[in-house]
Every structure is written in structure tokens, then in C-alpha cells.
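Peer 1: Before we start, here is the structure in question, set down as C-alpha cells.
The numbers here are math on the coordinates, done by the rules we state, and not lab data. Here the structure is a predicted model, which means the values were calculated and not measured. Neighbour counts run over all protein chains shown; Cβ positions are idealised from the backbone, glycine included.
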Amino acid sequence: MMQYAPDMYDRLKLLQTYRHVAIVGISADPYRPSHFVAIYLQAEGYHIILVNPRYAGQTILGKRVYASLTEAKEAGETIEIVDVFRKPEDVLPIAEEAIRIGAKVLWLQLGIRSDEAGRLAQEAGLIFVQNKCIKMEHARFFGGLHTVGLNTGVVLSRALPRAEVLKPSSAELVR
């Protein structure tokens, strides 16, 4: 039986090992999940490569948008994880392109499944994850579910950055 999503330890290792993520199906709409994920990954220090033929040549989040993975690779981009925000019927050609450019991981976002793309990717040596949100997986491992989208109400066990814990100045208290 084919394993469609590595176990959580494997997913943790993927997120620790690979830092160059192509987001296929990026949207310019800040309310779309692909946009949320791009902001989150960029804030967490990942190098994001944005792919959507509709926005090719434009800039989103300060990054050039490419028409395809191949165009991004030819422009000198390193692509390790291909994170897909497309309909299941659009995934197979993306999987084929991910293989051609030498990606390490094909990751299908929450709600997206393609057994055929999974078989193809795994036969070519790629790690395959489907029906998992890369942002939620990262946040689950590193304590960032509250960042860009989810207010969990959970108190973090890690220290907040200094700017977030500063007390208001006395001038602010006078108002």
C-alpha cells in the first residue's frame, strides 16, 4: 500500500530540511489560502517561489511570479518543495513538471488528493504529501498556529520576540 503522507516525524524533518518552497496557484487576493501560506512561510524564513500563469511577470509579496515551475528553475530559482493549490485534475502535469525540475517534495494542500500524481512522484523518488496544509503542519510543530490566520487562544510555551512583550510607555498610559 502506498504511503500518501509521511508520518508527522517525516513531515517535521521535511520542514526542517527544505527551505525553498514553490507555491503553485498563488493568488494575489490576500484572503485566499495560498496567499496566507505564502505570507506565513516567508515570515518563517522560507524562500518562496510564486507560480501562477495568470500573474506571470507581476509581483506578489515582493516576489516575481513565474508562469511555471520550469520558468522559475530556468531563472535560477532553487525549488525543493512544490506546494500545490490547484484542483485535483490539474495536479498530474504539475507532478510531472516537479519531477523534471528536480524537486524533492510534492505537497498537495488540504483538500487536494491525486493518487495518480502520488504514484508518479514516488516512483520518481519524490516525497509525496497530500491533503495536508504546509502552514498548519509547520505551525503545529513550531508553535505558530496563531500567526496569519488562526487565533487558537493557546498560550505559547516559547518566549515571544522582545517587541511583543514590551510594556506601553508612560506617555501611552496617560491618555
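Peer 1: Would you order Tyr18, Tyr9 from fewest to most other beta-carbon atoms within 10 Å of each residue's own beta-carbon?
Peer 2: Placing the least packed residue first, the sequence is Tyr9, Tyr18.
Peer 1: Moving on. What list of whole percents do you get for P(r) of the stretch 53-146, with Cα-Cα distances grouped in 10 Å bins up to the one holding the largest distance?
Peer 2: 16, 43, 35, 6
Peer 1: So which lysines pass the test for Lys73, namely a Cα distance under 29 Å, with those fewer than 8 places away in the same chain ruled out?
Peer 2: Of all the lysines, those that pass the test against Lys73 - Cα under 29 Å, at least 8 places apart if same chain - are Lys13, Lys63, Lys87, Lys104, Lys132, Lys135.
Peer 1: A further question follows. Per residue of the stretch 24-38, in order, report the coupling 6.51 cos²θ - 1.76 cosθ + 1.60 (Karplus, θ = phi - 60°) as ³J(HN,Hα) in whole Hz, putting x for Gly and Pro.
Peer 2: Along the stretch 24-38, the couplings run 8, x, 4, 10, 7, 6, x, 8, 7, x, 4, 5, 4, 4, 4 Hz.
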